[in-house]
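Trainee: Supplied in structure tokens, the structure appears directly below.
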Amino acid sequence: MTRFPDILHRALFRSFSLLGRRSQGAVLRRYFDWWHRRPDPWRLATDAYEQHKYQTTLGQLPDPAYRRVLEAGCSEGVFTELLAATYPDAEITGVDISEKALERARLRNEKFAGRVRFLHADILEHDLRPGFDLVICAETLYYVGGGDRLRHASHRLTSLLAAGGLLVLVHPWPEATRLHRFADAAPGLSKIAERVERDVHRPFSVSLYRAPGESRAAS
């Protein structure tokens, strides 16, 4: 069940989506730079629930290796670090709307310099080139608003996939049924798995979608 603080949180960001797309992006950049005025404001690196969610997500990934990986909404790069350690041959790109978060993400992942990079980008307005074998978006889609904004964000994520690439969406349950609905309905995109973790204080879903074509990830 969605907690009351989460409901208020979502209402705030839905109000931002009443702005034009670029204005919404500017407000979100300011908000998250302010939120990251102190390190790790969500305790992503230390909270047991967050670590469980990361390990659950990694455990659902079906391929033994990925060449190009994108993490949309990477924050301070905590999960990026796990991805880089799990897939030592992958080139990984983390994107986030907060430059302050990205500064810490770069420091955290210095040991992976050369194959892990971080870009300041908005998933509604990015100019990333497609061709990723794995695209992960966790705890992010509720920030874009509803309706057309959510449809657009889902389309932008899907459009980044290589042939046979995997899209992974991780969001609170049952809110995930709303947030993932455009991926569920995307032409040619196949939902290959969904794991719902209910026995935690904040239930969540890990949903996996495969793009058409033959995957090159393990080749």
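Trainee: Grab the Cα-Cα distance for Thr177 and Val200, subtract it from 0.36 nm times how many residues apart they are, and report the gain in nm with one decimal.
Mentor: 6.5 nm
Trainee: Something else: Strictly greater than 17 Å: what percent of every Cα pair in the range 40-81 meets that?
Mentor: More than 17 Å apart: 36 percent of the Cα pairs in the range 40-81.
Trainee: Where Rh is the Kirkwood radius over the Cα pairs of the range 64-195, the temperature 10 °C and the viscosity 1.306 mPa s, what D in µm²/s does Stokes-Einstein return?
Mentor: 106
Trainee: Based on alpha-carbon positions alone, could you give the equivalent ellipsoid semi-axes of the range 155-200 from the gyration tensor, as √(5λ), descending, whole Å?
Mentor: Equivalent ellipsoid of the range 155-200: 21, 11, 9 Å, largest first.
Trainee: Taking the Cβ-Cβ separation of Thr46 and Leu107 as r and a Förster radius of 22 Å, what is the calculated FRET efficiency to the nearest 0.05?
Mentor: That pair, Thr46 with Leu107, gives E of 0.85.
Trainee: When the chain is fully extended, how far beyond the present Cα-Cα distance does Leu82 get from Asp184, taking 0.36 nm per residue of separation?
Mentor: Result: 34.0 nm gained on full extension.
Trainee: Lys and Arg at +1, Asp and Glu at -1: add these up for the other residues within a Cβ distance under 9 Å of Ile97 and post the number.
Mentor: Every neighbour counted, the sum reads -3.
Trainee: Using the reciprocal of the averaged 1/r over all distinct C-alpha pairs, how large is the Kirkwood radius of the range 141-219 in Å?
Mentor: 13.1
Where a number appears in this text, it was derived from the coordinates with a stated rule and is not lab data. Please read these numbers as outputs of a predicted model, since none were measured by experiment. Every residue, glycine among them, receives a Cβ derived from its backbone with ideal geometry; neighbour counts consider all protein chains shown.
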